[in-house]
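Scroll down for the structure; my scribbles are underneath it.
The values are calculated or read from the model by the stated rules, or taken from the named source; none is laboratory data. All values reported here derive from a predicted model rather than from experimental measurement. Cβ: placed from backbone, ideal geometry, glycine included. Neighbour counts: every protein chain shown.
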Amino acid sequence: MREFPESPGIYIFKKKGTPIYIGKAKNLKKRILSYFSKRASSKQKRIVEEADHVDHITLFNEREALLTEANFIYTYKPRFNVLLKDAKVYPYIEFVGEDFPYIKISHDKSKNSLGPFTSVGFLRELLNIIQPVVQLRTCTGDLSKIDRPCFEYHIKRCSAPCIGLITKEEYAERVKMAKRFFQGDVNFIKSWLKEKINSYSQKKMFESAQTLKNVYEKLSDFLVKQNVEFPRPVDMDAFEIKDNIALLVKVRKGMLLAKLEFEFDGDYPDFLKEYYLGKGQEGPKTILVSKEFRGIKVWSKRLNSNIRLPRRSYETNLLHMVSANLDEILNSKSRKLAALKRLEKVLNLKKIPMLIEGIDISHTAGSLTVASVVVFVNGFPKKSLYRKYRLANFSHPDDFEAMRQVVRRRYSKHPLPDLLLIDGGKGQVNAVMEALKELSMDDAQNVVGLAKEDERIVFPTQKKPLHLRLNDEALKVLIAVRDESHRFATSYHYLLRDKKMTRSALDSIEGIGPKRKKALLRAFKSVKGIKDASFTDLKNVVGEKTARKIKEYFTHQDSIS
């Protein structure tokens, strides 16, 4: 241990080259020696037992050590360090491309991304509001290969950089405007809209004025929906921690941009370190907390933010909102745990089913047969773990063989969950058990079916079916898993069916190749949308000659059907 210096830095315990714990110290030698002393904590002893090597990096001061430690933890995620885990996968906004960038929603944080935001749905709502104003391109391809503007241009949602209808400089200004909007500067957009509406009205361009007025009203309605009012455009975060859950609300320029939930094992300083330093989130001017803590002034300096208790009524209201939302999350988790314990009891399971998987089959008379596997963790859907399977086509419907196929494919690679729920009755459940027997995994206690007719719980053994009251919390869990597996399977089946219909329809029309097919689907979303489109709208996308052929094709199809 004499090789370690008595200077500031970080130390890294490794196992087979992989960091399992990263820490910082004013004096590296003293700190590392403490792990091997008789007074070492139980956690320190576990780290020493598992590690086979200790590395270190010497730094100039404690602040530099703190920043380096946080960055290393975020990069390597050592299992003895991780206190903060995202409860969901939160989205970010990226502007992709150099000359004429497009907006992309991503779940990965990059150097230039904005966010995180509450949800993809929230982001799409914001995009829908801002797109008619900034008119950035929505296509992602090579602009040099496009020779005519798409439908988005004709409905005034794109500035058509593809054919040179906007300069790089003008487009760059619109990108700046979009960035300001996604950073929460709504007042800037509202002022700009008011100016443009007045200008168009004075020039008697009433249609353009009405279009922007609609955008202004949509933006105002959106802000009312947020249900949080600030007397001025403030930048602040507010967070609360209870029972290993942290909830943070982000407000920028007076706009509530995100409500973020984390699984968290720590206190206020730990959260500040892991969220702002570890995750690289920029601290706002103000960070509100519900109680003072040791080192609050030090952390204010480190993050260049004023970390404090609320002083004004709107700050108190914001923190109350955070606390109320956090209480609701905790109550929901508590109710769900009680339901899972009830499920363990009524199904006579070996343990509380914290991990439940649900399987369903979807097809049309045997064709395009697909299966879904949905995953519920702690009673809540974990969509990142969902999987869909394309199965062999059958000459006639055969749900039993389809079940056998998906079970073989799934559980030859994955362990059985605490509970496997099958959408179906005795026949489907028995088919599943046959496949599991082939895999030597036929534990009957892990598998049940739920028959739709009367929400009857079916067991693979000779045990009689179980009927629970519809308001029984245990049954509600099973219904939620069954309905989600059904939704996921049918949505995948419809997607494949629509693709097949698209190929058979559009490939039959002369003059429509892959490029035009893509343009049509981007503009009209589906074959039905293309069929119902007016001649003028079609002409704007693919030209007059091809538009006429499309109309002739669908008219002919209607006449023979």
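The table below lists the values:
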| read-out | value |
| --- | --- |
| Options L309, L288, L337; residue that is buried (at least 18 other Cβ atoms within 10 Å of the Cβ) and of a type in the set (A, V, I, L, M, F, W, C) | L288 |
| Matching entry among S119, S208 (being more than 30 Å from G283 (Cβ to Cβ) and either in the same structural domain as R522 (by TED's automatic domain parsing) or surrounded by fewer than 17 Cβ atoms within 10 Å (Cβ to Cβ) (or both)) | S208 |
| Evaluation of F80 against (1) of a type outside the set (S, T, N, Q); (2) part of a loop (DSSP other than H, G, I, E, B); (3) within 29 Å of Q183 (Cα to Cα) (one fails), failing number | (3) |
| Residues of the range 543-552 classified as crowded, with 17+ Cβ neighbours inside 10 Å and either aromatic (F, W, Y) or under 15 Å from C150 (Cβ atoms) (or both), total | 2 |
| Any hit, the range 373-386, residues being surrounded by fewer than 18 Cβ atoms within 10 Å (Cβ to Cβ), among the hydroxyl-bearing types (S, T, Y) and under 29 Å from A87 (Cα atoms) | yes |
| Pair list, Cβ under 8 Å, 6 or more apart: the range 520-532 residue assigned by TED's automatic domain parsing to the domain that holds T546, other residue polar (S, T, N, Q) | L521/T502; R522/T138; S526/T502; V527/T502 |
| Members of the range 333-349 that are over 14 Å from I245 (Cβ atoms) and among the polar types (S, T, N, Q) | N348 |
| Subset tally (residues that are assigned to a loop (DSSP other than H, G, I, E, B), surrounded by 10 or more Cβ atoms within 10 Å (Cβ to Cβ) and free of Cβ contacts under 8 Å to residues at least 12 places away in the same chain) for the range 39-53 | 2 |
| Test: residue in the range 398-412 that is in contact with a strand residue (DSSP E or B) (Cβ under 9 Å, 6 or more places away or on another chain) and outside any helix (DSSP H, G or I) | yes |
| All positions within the range 504-542 that are among the small types (G, A, S), part of a helix (DSSP H, G or I) and surrounded by 18 or more Cβ atoms within 10 Å (Cβ to Cβ) | A505, A519, A523 |
| Which numbered condition M177 misses (of (1) touching a residue at least 24 places away in the same chain (Cβ under 8 Å); (2) closer than 29 Å to S534 by Cα) | (2) |
| Members of the range 439-490 found to be charged (D, E, K, R), part of a loop (DSSP other than H, G, I, E, B) and surrounded by 15 or more Cβ atoms within 10 Å (Cβ to Cβ), listed by number | D442, E455, D472 |
| Condition met for I361 (farther than 12 Å from V481 by Cβ, of a type in the set (A, V, I, L, M) and out of contact with any strand residue (DSSP E or B) (no Cβ under 7 Å at 6 or more places or on another chain)) | no |
| Hey, F206 over 16 Å from L127 (Cβ atoms), out of contact with any Gly (no Cβ under 6 Å at 6 or more places or on another chain), among the aromatic types (F, W, Y) and free of Cβ contacts under 8 Å to residues at least 60 places away in the same chain or not | yes |
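Yes or no, residue by residue, for (1) hydrophobic (A, V, I, L, M, F, W, C); (2) modelled with pLDDT of 95 or more; (3) within 29 Å of G379 (Cα to Cα):
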| residue | (1), (2), (3) |
| --- | --- |
| G266 | no, no, yes |
| L277 | yes, no, no |
| R308 | no, yes, no |
| S313 | no, no, no |
| A338 | yes, yes, yes |
